[in-house]
1. When residues of the stretch 36-89 are filtered for being surrounded by 15 or more Cβ atoms within 10 Å (Cβ to Cβ), closer than 18 Å to residue 126 by Cβ and hydroxyl-bearing (Ser, Thr, Tyr), how many remain?
2. Limited to the stretch 110-128, what total is found for residues that are closer than 19 Å to residue 66 by Cα and either open to solvent by less than 20 Å² (accessible area, probe 1.4 Å) or charged (D, E, K, R) (or both)?
3. Would a scan of the stretch 150-157 turn up a residue that is assigned to a helix (DSSP H, G or I) and crowded, with 19+ Cβ neighbours inside 10 Å?
4. Can you tell me how many residues within the stretch 208-247 are farther than 30 Å from residue 148 by Cα and acidic (Asp, Glu)?
5. Which of the residues spanning the stretch 189-203 are free of Cβ contacts under 8 Å to residues at least 60 places away in the same chain and in contact with a His (Cβ under 7 Å, 6 or more places away or on another chain)?
6. Take the residues of the stretch 244-258 that are open to solvent by 50 Å² or more (accessible area, probe 1.4 Å) and without any contact (Cβ under 8 Å) to a residue 60 or more places away in the chain: which is nearest to the chain's Cα centre (by Cα)?
7. Of these, 176, 232, 206, 218, which one is surrounded by fewer than 18 Cβ atoms within 10 Å (Cβ to Cβ), touching a residue at least 60 places away in the same chain (Cβ under 8 Å) and polar (S, T, N, Q)?
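The values are calculated or read from the model by the stated rules, or taken from the named source; none is laboratory data. These figures come from a predicted structure and were not determined experimentally. Here the Cβ is made from the backbone with ideal geometry for all residues, glycine too, and neighbour counts use every protein chain on show. Calculation scope for accessible area: heavy atoms of the full protein, side chains included, ligands and nucleic acids excluded. Shrake-Rupley method; radii C 1.70, N 1.55, O 1.52, S 1.80 Å.
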Amino acid sequence: MTWNETDPAPLSEPPFVNRVIGGVRLAAALGITALLGVLFVLGASLRKVIGHVISYHFWVAQIWARACLTLIGLKREVRGVPIESGALVANHCSWSDIVVLRSVRLVYFVSKSDVANWAGVGFLARVAGTVFIERKRVEAKRQEAVLRDRIDAGQLLCFFPEGTSTDGLRVLPFKSSLFSAFFADVPAEHIWIQPVSIRYLTAEGSGLPENFFGWWGSMPFGGHIRTVMERSFGSRVVVTYHEPVHPTDFPDRKALADYCHGVVDEGHAAAAR
């Protein structure tokens with residue numbers, strides 16, 4: 001599913017200096033990604049051989065995210081405290097959500113399987129430990145087991161239950177299918193689920209539309225990155241970590257999905273006040 005219920009606001013051609021700044025930022029982001037990517041892969045490989053004594057690459061990933069956040073002209077405001085392990089369920093605005101959430105703490109994303117085949121992005125996602133899922137009934141049980149195994153191993157996963165990115169001005173209803181992993185045969189009393197609201201706020205006087213950071217529909221990936229690099233200065237992203245809950249506090253996955261949606265939607269609106 002791809003959300004496409006509105007059109008991007010038209011933007012005039014950026015001044016030459018903005019194009020230069022955008023080019024410099026993009027080059028810096030690519031250079032940092034290449035350098036820190038090598039260090040991350042080395043650390044991940046050593047961890048498999050030597051064991052958990054190797055963990056420096058987790059810090060490398062956070063340094064990468066914070067550097068990229070600066071390069072895309074965003075100041076981060078964090079409200080609340082993220083849980084250590086379990087699952088985050090967040091609204092999905094753009095590719096930059098990955099950078100924002102990883103800049104706060106180590107988190108592994110759950111993504112649709114076709115992302116694994118995206119040029120460049122797919123490789124980085126695989127290296128970063130992304131969990132790829134297929135929206136097929138025949139795969140449901142196997143994927144539930146994979147998600148539970150990752151959480152039981154102490155990892156913090158992140159779901160985007162809307163199933164698509166939007167213009168960032170709304171929170172779509174949450175699909176309950178991914179929540180089934182928390183209602184499998186084995187009770188999930190030990191698992192925490194934490195709703196997370198992400199809201200982008202453009203800088204006052206910037207002239208940028210409210211949905212500037214949203215990435216949706218047929219908007220080109222590379223083109224959107226370039227546009228953000230050229231025009232984003234002094235904007236903010238507010239990340240709100242709400243109170244976590246246990247799946248066992250809810251009768252079924254639909255009730256849990258609806259509760260999380262309500263909390264995320266309310267936090268998303270509150271961040272703009």
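1. 0
2. Counting residues in the stretch 110-128 that are closer than 19 Å to residue 66 by Cα and either open to solvent by less than 20 Å² (accessible area, probe 1.4 Å) or charged (D, E, K, R) (or both) gives 1.
3. Yes, some residue in the stretch 150-157 is assigned to a helix (DSSP H, G or I) and crowded, with 19+ Cβ neighbours inside 10 Å.
4. Count: 2.
5. Listed by number, the list holds a single entry, 189.
6. The qualifying residue nearest to the chain's Cα centre (by Cα) is 249.
7. Values: 176 fails: surrounded by fewer than 18 Cβ atoms within 10 Å (Cβ to Cβ); 232 fails: surrounded by fewer than 18 Cβ atoms within 10 Å (Cβ to Cβ); 206 fails: touching a residue at least 60 places away in the same chain (Cβ under 8 Å).
Matching residue, one of 176, 232, 206, 218: 218.
Matching residues to (1) part of a loop (DSSP other than H, G, I, E, B); (2) at pLDDT below 95; (3) under 20 Å from residue 104 (Cβ atoms); (4) touching a helix residue (DSSP H, G or I) at 6+ places or on another chain (Cβ under 8 Å):
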position: 229; (1), (2), (3), (4): no, no, no, yes
position: 236; (1), (2), (3), (4): no, no, yes, no
position: 259; (1), (2), (3), (4): no, no, no, no
position: 262; (1), (2), (3), (4): no, no, no, no
position: 269; (1), (2), (3), (4): no, no, no, no
